[in-house]
1. At residue 29 and residue 56, where each label point lies 7 Å from the Cα along Cα→Cβ, what is the point-to-point distance in nanometres?
2. As an exercise, find the ratio Rg/Rh for the chain from alpha-carbon atoms, using the Kirkwood inverse-distance average for Rh.
3. If contacts are Cα pairs under 8 angstrom and at least 6 residues apart, what is the relative contact order of region 153-419 in percent?
4. If I model region 29-149 as equal point scatterers sitting on the Cα atoms and use the Debye formula, what is log10 I(q)/I(0) at q = 0.20, 0.23 Å⁻¹?
5. Test of understanding: in a Gaussian network model of the chain with alpha carbons linked when under 10 Å, which of 126, 256, 292 would top the mean-square fluctuation ranking?
6. Taking just the alpha-carbon atoms of region 265-319, what radius of gyration and Dmax come out, in angstrom?
7. Can you tell me which of 344, 220, 29 moves the most in a GNM of the chain? Springs connect C-alpha atoms under 10 Å apart.
8. Going by how many other beta carbons lie within 10 Å of each one, how would you line up 328, 56, 383, fewest first?
């Protein structure tokens, strides 16, 4: 019997590909031995997906015989993908492979026969997954990533990136209020990561002034682990924590493309929802943060520059994430007095997609919240924008059920004390 790690089949009905949350694979080596060009193309396409961005993928032709021959004199990788054309004996081939295969290697078999008896026999021999050709790209991604995540962990580690199509459009304000709705109304443990280290406002908006934050992590990548990140988090509510930006100019914040990778990986492993407040700048690390997120919200104002930038971001992210849900966008500060505006219909026509929300210009309530270090839901729970933020939170997290806290007689007093 092959000494491979087993994968228990999931009995739950599969979600649509674009709605399913698939956790990224870690840094592993994957080698595929294909019989057909179509399967090789699907695996190659999967290797270009963001969720397999850390995996080292190598594709060869020749199927099972080529794999057996290759591993007679070479160590086996973390994952082997084997395609069989249906004419050879799969079980006999696996028995031969077992004689040259290293313990701990996981195997995915691609076959032509959709037979439960065969599947059970493959599992009994230690095969991790059996896929029936023809394959789609998402089939390969799901199979490989699924080897390294447990069913209990499927809902953990969803990253939501919020970015402005232009500076000053209110993207940070929306990111913070949406995260508040995720934590308060959806009762989902969340972290806001303020990535604007020089000018970030998350600390001000949540009325927090922590001595440490994201700067300590990004400048000490070797120290980043769960315990280290926990020490840097500032608790805002029972379900919401903040990884604050220093918002100081005593140093220059130049980062490499992978500067935040270890931080995001650690947060994914421990927190169900991470909201990234991405600054309006275009660098390798901001592009990587956006492309690597599970869902993206672009915030725009109703003018021509915002329309152009939204269109450019939308097109780039769709092309870079062909197997993900398309980015979302919303239009903020609609109805500003005496300002000509581009209609949401024109936005939808240019972007080829409807906005998830239209947020009116409300300087009084937003200004008061910003100056008090509060969220809109804190100073005006029944304000219509509070409901808009909740709807966006539901859309981005895929959760429809709300768990609003009951109003207490002490709530007004608590809000008053917080404002002080």
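None of the figures in this text is laboratory data; all of them are computed from the coordinates on show. If you're wondering where the values come from, they're calculated on a predicted model, not measured in any experiment. Every residue, glycine among them, receives a Cβ derived from its backbone with ideal geometry; neighbour counts consider all protein chains shown.
1. Those two pseudo-labels are separated by 0.6 nm.
2. Taking Rh as the inverse mean 1/r over Cα pairs, Rg/Rh reads 1.04.
3. Over region 153-419, the number comes to 27 percent.
4. -1.14, -1.56
5. 256
6. Expressed in Å, the Cα Rg and Dmax of region 265-319 come to 12.9, 41.
7. With Cα springs under 10 Å in the chain, the top fluctuation among 344, 220, 29 is at 220.
8. Arranged by neighbour count, lowest to highest, 328, 56, 383 become 56, 383, 328.
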